[in-house]
Amino acid sequence: MVTCKETRAVIIALHKKGFTGKDIAARKIAPESTIYRIIKNFKESGSIVVKKASGRPRKSSKRQDRLLKLIQLQDRGTTSTALAQEWQQAGVSASARTVRRRLLEDGLVSRAAKKPLLSRKNIRDRLIFCKRYRDWTAEDWGKVIFSDEYPFQLFGASGKKLVRRREGERYHQSCVMPTVKHPEPVHVWGCFSAKGVGSLSILSRNTAMNKEWYQHILQEQLLPTIQEQFGDEQCLFQHDGAPCHKAKMITKWLGEQNINILGPWPGNSPDLNPIENLWSILKRRLDKQKPTNSDKLQALIMQEWAAISQDVAQKLIDSMPGRIAEVLKKEGQHCKY
(Lines give C-alpha, C1' and ligand atoms only; values in the text may rest on other atoms or scores of the structure.)
Protein backbone atom coordinates (compact mmCIF):
# COMPACT_ATOMS: atom_id res chain seq x y z
CA MET A 1 0.00 0.00 0.00
CA VAL A 2 1.32 3.47 -0.95
CA THR A 3 0.82 6.17 1.67
CA CYS A 4 1.06 9.89 1.13
CA LYS A 5 3.90 11.97 2.52
CA GLU A 6 1.64 13.64 5.13
CA THR A 7 0.48 10.27 6.52
CA ARG A 8 4.06 9.01 6.77
CA ALA A 9 5.04 12.22 8.59
CA VAL A 10 2.23 11.74 11.17
CA ILE A 11 3.26 8.12 11.76
CA ILE A 12 6.92 9.07 12.37
CA ALA A 13 5.92 11.97 14.61
CA LEU A 14 3.86 9.61 16.79
CA HIS A 15 6.68 7.07 16.76
CA LYS A 16 9.11 9.73 18.04
CA LYS A 17 6.70 10.48 20.89
CA GLY A 18 6.93 6.85 22.02
CA PHE A 19 3.79 5.40 20.45
CA THR A 20 4.08 1.77 19.37
CA GLY A 21 3.02 0.54 15.96
CA LYS A 22 -0.08 -1.03 17.51
CA ASP A 23 -0.98 2.28 19.22
CA ILE A 24 -0.64 4.17 15.94
CA ALA A 25 -2.68 1.54 14.09
CA ALA A 26 -5.50 2.03 16.59
CA ARG A 27 -5.93 5.53 15.20
CA LYS A 28 -6.75 3.88 11.82
CA ILE A 29 -4.59 6.18 9.75
CA ALA A 30 -2.95 3.21 8.01
CA PRO A 31 -2.79 -0.60 8.26
CA GLU A 32 -0.52 -1.91 11.03
CA SER A 33 1.83 -3.64 8.58
CA THR A 34 2.24 -0.39 6.63
CA ILE A 35 2.99 1.52 9.85
CA TYR A 36 5.73 -0.96 10.85
CA ARG A 37 7.23 -0.77 7.37
CA ILE A 38 7.34 3.06 7.47
CA ILE A 39 8.94 3.02 10.94
CA LYS A 40 11.50 0.43 9.81
CA ASN A 41 12.36 2.51 6.73
CA PHE A 42 12.78 5.60 8.94
CA LYS A 43 15.13 3.78 11.32
CA GLU A 44 17.27 2.54 8.42
CA SER A 45 17.40 5.71 6.32
CA GLY A 46 16.46 8.49 8.73
CA SER A 47 13.96 9.75 6.18
CA ILE A 48 10.24 9.44 5.58
CA VAL A 49 10.83 9.32 1.81
CA VAL A 50 10.14 5.88 0.40
CA LYS A 51 12.94 4.53 -1.74
CA LYS A 52 11.90 3.73 -5.29
CA ALA A 53 12.15 0.02 -5.97
CA SER A 54 14.87 -0.80 -8.44
CA GLY A 55 12.76 -3.41 -10.21
CA ARG A 56 14.03 -6.21 -12.40
CA PRO A 57 17.40 -5.42 -14.05
CA ARG A 58 17.17 -4.59 -17.75
CA LYS A 59 18.35 -7.35 -20.03
CA SER A 60 19.98 -4.90 -22.43
CA SER A 61 22.25 -1.91 -22.29
CA LYS A 62 21.61 1.40 -24.04
CA ARG A 63 24.16 0.39 -26.67
CA GLN A 64 22.33 -2.88 -27.30
CA ASP A 65 19.01 -1.00 -27.48
CA ARG A 66 20.48 1.26 -30.18
CA LEU A 67 21.64 -1.81 -32.08
CA LEU A 68 18.11 -3.26 -31.97
CA LYS A 69 16.68 -0.01 -33.31
CA LEU A 70 19.25 0.00 -36.12
CA ILE A 71 18.39 -3.59 -37.09
CA GLN A 72 14.68 -2.69 -37.21
CA LEU A 73 15.20 0.43 -39.31
CA GLN A 74 17.28 -1.52 -41.85
CA ASP A 75 14.26 -3.73 -42.52
CA ARG A 76 11.07 -2.25 -41.12
CA GLY A 77 9.04 -5.35 -41.92
CA THR A 78 11.10 -7.66 -39.67
CA THR A 79 8.93 -9.33 -37.01
CA SER A 80 9.67 -9.02 -33.30
CA THR A 81 10.41 -12.78 -33.18
CA ALA A 82 13.01 -12.45 -35.94
CA LEU A 83 14.46 -9.38 -34.23
CA ALA A 84 14.79 -11.31 -30.97
CA GLN A 85 16.79 -13.96 -32.80
CA GLU A 86 19.10 -11.37 -34.39
CA TRP A 87 19.48 -9.61 -31.06
CA GLN A 88 20.47 -12.90 -29.44
CA GLN A 89 23.39 -13.14 -31.85
CA ALA A 90 24.52 -9.78 -30.44
CA GLY A 91 24.50 -11.24 -26.93
CA VAL A 92 21.04 -10.25 -25.71
CA SER A 93 18.73 -13.08 -24.68
CA ALA A 94 15.28 -11.50 -24.74
CA SER A 95 11.75 -12.44 -25.77
CA ALA A 96 9.79 -10.97 -28.67
CA ARG A 97 7.70 -9.13 -26.08
CA THR A 98 10.82 -7.42 -24.69
CA VAL A 99 11.82 -6.49 -28.23
CA ARG A 100 8.46 -4.83 -28.82
CA ARG A 101 8.75 -2.97 -25.51
CA ARG A 102 12.24 -1.64 -26.36
CA LEU A 103 11.09 -0.48 -29.78
CA LEU A 104 8.08 1.27 -28.25
CA GLU A 105 10.44 3.07 -25.87
CA ASP A 106 12.22 4.38 -28.98
CA GLY A 107 8.94 5.50 -30.53
CA LEU A 108 8.77 2.67 -33.10
CA VAL A 109 5.18 1.43 -33.29
CA SER A 110 3.96 -1.47 -35.41
CA ARG A 111 1.71 0.19 -37.96
CA ALA A 112 1.55 0.31 -41.77
CA ALA A 113 -0.38 2.88 -43.79
CA LYS A 114 -1.95 1.41 -46.93
CA LYS A 115 -1.40 3.67 -49.91
CA PRO A 116 -1.34 3.03 -53.67
CA LEU A 117 2.07 2.35 -55.19
CA LEU A 118 3.49 5.51 -56.74
CA SER A 119 5.53 5.20 -59.92
CA ARG A 120 7.95 7.90 -61.05
CA LYS A 121 5.28 9.12 -63.45
CA ASN A 122 2.71 9.28 -60.65
CA ILE A 123 5.08 11.35 -58.51
CA ARG A 124 5.88 13.68 -61.40
CA ASP A 125 2.19 14.15 -62.23
CA ARG A 126 1.36 14.81 -58.57
CA LEU A 127 3.99 17.53 -58.41
CA ILE A 128 2.79 19.11 -61.65
CA PHE A 129 -0.80 19.13 -60.38
CA CYS A 130 0.10 20.54 -56.96
CA LYS A 131 2.35 23.25 -58.39
CA ARG A 132 -0.44 24.27 -60.72
CA TYR A 133 -2.92 24.68 -57.85
CA ARG A 134 -0.57 25.67 -55.02
CA ASP A 135 -1.98 29.20 -54.81
CA TRP A 136 -5.62 28.16 -54.71
CA THR A 137 -7.54 29.11 -51.58
CA ALA A 138 -10.34 27.18 -49.88
CA GLU A 139 -12.73 29.55 -51.65
CA ASP A 140 -11.28 28.51 -55.02
CA TRP A 141 -11.67 24.82 -54.14
CA GLY A 142 -15.25 25.56 -53.12
CA LYS A 143 -16.07 25.84 -56.84
CA VAL A 144 -15.05 22.22 -57.55
CA ILE A 145 -17.31 19.16 -57.60
CA PHE A 146 -15.33 16.04 -56.64
CA SER A 147 -16.49 12.59 -57.75
CA ASP A 148 -15.54 8.93 -57.46
CA GLU A 149 -16.77 5.33 -57.54
CA TYR A 150 -16.57 3.10 -54.46
CA PRO A 151 -17.44 -0.54 -53.55
CA PHE A 152 -19.19 -1.28 -50.24
CA GLN A 153 -19.35 -4.84 -48.85
CA LEU A 154 -21.38 -6.62 -46.22
CA PHE A 155 -19.99 -7.48 -42.77
CA GLY A 156 -16.92 -5.32 -43.14
CA ALA A 157 -15.52 -7.80 -45.65
CA SER A 158 -13.44 -5.01 -47.17
CA GLY A 159 -11.22 -4.67 -44.10
CA LYS A 160 -9.85 -6.46 -41.02
CA LYS A 161 -11.61 -5.74 -37.73
CA LEU A 162 -10.51 -6.61 -34.20
CA VAL A 163 -12.59 -7.13 -31.05
CA ARG A 164 -11.57 -7.33 -27.39
CA ARG A 165 -12.79 -10.46 -25.64
CA ARG A 166 -12.39 -12.29 -22.35
CA GLU A 167 -11.21 -15.87 -21.98
CA GLY A 168 -13.84 -18.28 -23.25
CA GLU A 169 -15.60 -15.68 -25.40
CA ARG A 170 -13.95 -16.55 -28.71
CA TYR A 171 -17.25 -17.68 -30.25
CA HIS A 172 -19.55 -15.33 -28.35
CA GLN A 173 -21.96 -13.64 -30.74
CA SER A 174 -20.63 -10.17 -29.96
CA CYS A 175 -17.05 -11.31 -30.66
CA VAL A 176 -17.59 -13.08 -33.98
CA MET A 177 -17.32 -11.28 -37.30
CA PRO A 178 -19.77 -12.90 -39.76
CA THR A 179 -18.51 -13.59 -43.27
CA VAL A 180 -20.07 -14.70 -46.51
CA LYS A 181 -18.46 -16.55 -49.39
CA HIS A 182 -17.66 -14.35 -52.35
CA PRO A 183 -19.49 -11.25 -51.06
CA GLU A 184 -20.94 -9.20 -53.89
CA PRO A 185 -19.95 -5.53 -53.46
CA VAL A 186 -22.40 -2.69 -53.88
CA HIS A 187 -20.80 -0.18 -56.25
CA VAL A 188 -21.77 3.46 -56.01
CA TRP A 189 -20.94 6.70 -57.81
CA GLY A 190 -21.10 9.93 -55.87
CA CYS A 191 -20.09 13.57 -55.96
CA PHE A 192 -19.90 16.48 -53.55
CA SER A 193 -18.69 20.05 -53.15
CA ALA A 194 -18.34 22.63 -50.40
CA LYS A 195 -22.10 23.13 -50.70
CA GLY A 196 -22.76 19.57 -49.50
CA VAL A 197 -23.15 16.07 -50.86
CA GLY A 198 -24.52 15.75 -54.35
CA SER A 199 -26.13 12.83 -56.13
CA LEU A 200 -25.29 9.25 -55.21
CA SER A 201 -26.07 6.43 -57.61
CA ILE A 202 -26.03 2.71 -56.84
CA LEU A 203 -25.04 0.58 -59.79
CA SER A 204 -27.38 -2.22 -60.75
CA ARG A 205 -25.99 -5.72 -60.41
CA ASN A 206 -23.76 -6.87 -63.28
CA THR A 207 -23.54 -3.31 -64.63
CA ALA A 208 -20.54 -2.75 -66.87
CA MET A 209 -18.71 0.40 -65.81
CA ASN A 210 -18.03 1.51 -69.38
CA LYS A 211 -18.26 4.81 -71.23
CA GLU A 212 -21.98 4.39 -72.01
CA TRP A 213 -22.76 3.81 -68.34
CA TYR A 214 -20.58 6.76 -67.32
CA GLN A 215 -22.24 9.18 -69.73
CA HIS A 216 -25.63 8.10 -68.35
CA ILE A 217 -24.39 8.76 -64.77
CA LEU A 218 -23.14 12.22 -65.72
CA GLN A 219 -26.39 13.02 -67.48
CA GLU A 220 -28.69 11.79 -64.72
CA GLN A 221 -26.61 12.54 -61.59
CA LEU A 222 -23.93 15.17 -62.25
CA LEU A 223 -26.01 17.70 -64.22
CA PRO A 224 -28.77 17.91 -61.57
CA THR A 225 -26.12 18.35 -58.85
CA ILE A 226 -24.44 21.19 -60.75
CA GLN A 227 -27.78 22.89 -61.30
CA GLU A 228 -28.84 22.46 -57.67
CA GLN A 229 -25.57 23.57 -56.08
CA PHE A 230 -24.22 26.14 -58.55
CA GLY A 231 -27.05 27.13 -60.87
CA ASP A 232 -25.58 29.41 -63.55
CA GLU A 233 -22.38 29.92 -61.54
CA GLN A 234 -19.24 28.48 -63.14
CA CYS A 235 -17.72 25.40 -61.47
CA LEU A 236 -15.12 22.70 -62.18
CA PHE A 237 -15.63 18.95 -62.25
CA GLN A 238 -13.06 16.49 -60.89
CA HIS A 239 -12.80 12.85 -61.89
CA ASP A 240 -9.82 10.52 -62.06
CA GLY A 241 -8.16 8.90 -65.06
CA ALA A 242 -10.24 5.70 -65.21
CA PRO A 243 -10.59 4.46 -68.82
CA CYS A 244 -14.33 5.19 -69.01
CA HIS A 245 -13.67 8.74 -67.75
CA LYS A 246 -11.09 9.45 -70.47
CA ALA A 247 -13.12 8.06 -73.38
CA LYS A 248 -13.44 10.42 -76.37
CA MET A 249 -17.23 10.37 -76.23
CA ILE A 250 -17.08 11.48 -72.56
CA THR A 251 -14.65 14.30 -73.30
CA LYS A 252 -16.87 15.41 -76.17
CA TRP A 253 -20.04 15.23 -74.06
CA LEU A 254 -18.50 17.25 -71.23
CA GLY A 255 -17.44 19.90 -73.75
CA GLU A 256 -20.94 20.06 -75.17
CA GLN A 257 -22.30 20.62 -71.65
CA ASN A 258 -19.73 23.39 -71.02
CA ILE A 259 -18.35 21.48 -68.03
CA ASN A 260 -14.75 22.40 -67.29
CA ILE A 261 -12.48 19.69 -65.89
CA LEU A 262 -10.04 20.07 -62.99
CA GLY A 263 -6.65 18.68 -63.76
CA PRO A 264 -5.34 16.64 -65.42
CA TRP A 265 -5.81 14.54 -62.30
CA PRO A 266 -2.69 12.58 -61.20
CA GLY A 267 -3.04 8.79 -60.98
CA ASN A 268 -2.95 6.87 -57.67
CA SER A 269 -3.80 10.00 -55.66
CA PRO A 270 -6.71 9.25 -53.32
CA ASP A 271 -4.99 11.44 -50.71
CA LEU A 272 -5.69 14.46 -52.94
CA ASN A 273 -9.38 13.66 -53.34
CA PRO A 274 -11.46 14.60 -50.26
CA ILE A 275 -14.32 12.35 -51.38
CA GLU A 276 -12.18 9.45 -50.12
CA ASN A 277 -12.74 10.81 -46.61
CA LEU A 278 -16.49 10.85 -47.27
CA TRP A 279 -16.35 7.17 -48.20
CA SER A 280 -14.56 6.45 -44.90
CA ILE A 281 -17.18 8.38 -42.93
CA LEU A 282 -19.95 6.53 -44.74
CA LYS A 283 -18.32 3.14 -44.19
CA ARG A 284 -17.94 3.74 -40.43
CA ARG A 285 -21.61 4.65 -40.16
CA LEU A 286 -22.62 1.54 -42.08
CA ASP A 287 -20.41 -0.73 -39.95
CA LYS A 288 -22.17 0.49 -36.80
CA GLN A 289 -25.57 -0.54 -38.18
CA LYS A 290 -24.40 -3.94 -39.47
CA PRO A 291 -26.75 -4.50 -42.44
CA THR A 292 -27.36 -8.22 -43.03
CA ASN A 293 -28.18 -8.27 -46.74
CA SER A 294 -27.53 -6.31 -49.89
CA ASP A 295 -30.92 -4.58 -49.95
CA LYS A 296 -30.47 -3.25 -46.40
CA LEU A 297 -26.93 -2.18 -47.24
CA GLN A 298 -28.12 -0.21 -50.27
CA ALA A 299 -30.88 1.48 -48.30
CA LEU A 300 -28.48 2.46 -45.53
CA ILE A 301 -25.94 3.79 -48.03
CA MET A 302 -28.51 6.20 -49.45
CA GLN A 303 -29.80 7.14 -45.97
CA GLU A 304 -26.38 7.82 -44.44
CA TRP A 305 -25.10 9.66 -47.52
CA ALA A 306 -28.03 12.07 -47.32
CA ALA A 307 -27.33 12.57 -43.60
CA ILE A 308 -23.79 13.89 -44.16
CA SER A 309 -23.92 17.55 -43.21
CA GLN A 310 -22.78 20.52 -45.27
CA ASP A 311 -20.32 21.38 -42.48
CA VAL A 312 -18.52 18.06 -42.99
CA ALA A 313 -18.34 18.69 -46.74
CA GLN A 314 -17.04 22.23 -46.19
CA LYS A 315 -14.28 21.06 -43.83
CA LEU A 316 -13.09 18.50 -46.35
CA ILE A 317 -12.94 21.10 -49.11
CA ASP A 318 -11.13 23.48 -46.73
CA SER A 319 -8.41 20.81 -46.36
CA MET A 320 -7.39 21.05 -50.03
CA PRO A 321 -4.73 23.81 -49.65
CA GLY A 322 -3.16 21.71 -46.86
CA ARG A 323 -3.15 18.58 -49.04
CA ILE A 324 -1.46 20.44 -51.88
CA ALA A 325 1.16 21.93 -49.56
CA GLU A 326 1.84 18.55 -47.93
CA VAL A 327 2.46 16.77 -51.25
CA LEU A 328 4.78 19.56 -52.38
CA LYS A 329 6.64 19.36 -49.06
CA LYS A 330 7.07 15.59 -49.53
CA GLU A 331 8.20 16.04 -53.15
CA GLY A 332 5.26 14.16 -54.62
CA GLN A 333 5.05 11.31 -52.10
CA HIS A 334 1.93 10.33 -50.15
CA CYS A 335 0.55 12.79 -47.63
CA LYS A 336 -1.30 12.13 -44.35
CA TYR A 337 -4.83 12.71 -45.71
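The values are calculated or read from the model by the stated rules, or taken from the named source; none is laboratory data. These numbers were taken from a predicted model, which means no experiment stands behind them. Ideal geometry is used to build each Cβ from the backbone, glycine not excepted, and the neighbour counts take in all protein chains shown. Side chains included, ligands, DNA and RNA excluded: accessible areas come from the protein's heavy atoms. Shrake-Rupley method; radii C 1.70, N 1.55, O 1.52, S 1.80 Å.
Within the shell defined by Cβ-Cβ distances under 11 Å, the residues around TYR337 carry a net charge of 0, with Lys and Arg each +1 and Asp and Glu each -1. Relative to the longest principal axis of the Cα atoms of the chain, the long axis of helix 294-306 makes an angle of roughly 90 degrees. Shown here: Kirkwood radius over Cα pairs in Å, derived from the displayed model; of the candidates (1) 20.4; (2) 21.2; (3) 26.0, it corresponds to (3). In the chain, the longest principal axis of the Cα atoms and the axis of helix 120-132 are about 80 degrees apart. Round to a whole angstrom and tell me the spacing of the C-alpha centers of segment 211-233 and segment 11-86. Cα centroid of segment 211-233 versus Cα centroid of segment 11-86: 69 Å apart. Of all aspartates and glutamates in the structure, those lying under 19 Å Cα to Cα from LYS69, and not within fewer than 8 positions of it along the same chain, are GLU86, GLU105, ASP106. Counting only protein heavy atoms and a probe of 1.4 Å, the accessible surface of the chain is 50% carbon and sulfur. Comparing LEU118, LEU103, LEU254 in a Gaussian network model of the chain (Cα springs below 10 Å), the most mobile by mean-square fluctuation is LEU103. Round to a whole angstrom and tell me the spacing of the C-alpha centers of segment 270-324 and segment 128-145. Cα centroid to Cα centroid, the span is 22 Å.
Here the spin labels are modelled as points 7 Å beyond Cα on the Cα-Cβ line, and at LYS131 and GLN85 they lie 4.7 nm apart. Straightening the chain between ARG66 and THR251 buys 60.9 nm, computed as 0.36 nm per residue apart minus the Cα-Cα spacing.
Can you tell which of GLY263, GLY231, GLY107 shows the greatest fluctuation in a Gaussian network model of the chain with Cα springs below 10 Å? Fluctuation is largest for GLY107.
Subtracting the Cα-Cα distance of SER119 and LYS288 from 0.36 nm times their residue separation leaves 57.2 nm of extension gain. Net charge of the neighbourhood of ARG101, taken over other residues with C-beta under 13 Å away and scored Lys/Arg +1, Asp/Glu -1, is +4. Note on the chain: with a GNM built from Cα contacts shorter than 10 Å, the maximum mean-square fluctuation among GLY255, GLY267, GLY21 falls on GLY21. Among the GluC sites (Glu not before Pro) in segment 251-337, those placed in a DSSP loop whose Cβ has at most 13 other Cβ atoms within 10 Å are GLU331.
Nearest 5 is fine: what % of DSSP beta bridges in the chain come out antiparallel, could you say?
Values: 12 of 17 bridges.
That works out to approximately 70 percent antiparallel.
In this structure the chain gives 64 Å² per residue of accessible area when probed at 1.4 Å with all protein chains present. The charge dipole of the chain, taken about its Cα centre with unit charges on the Cβ atoms of Lys, Arg (+1), Asp and Glu (-1) only, comes to about 3080 debye.
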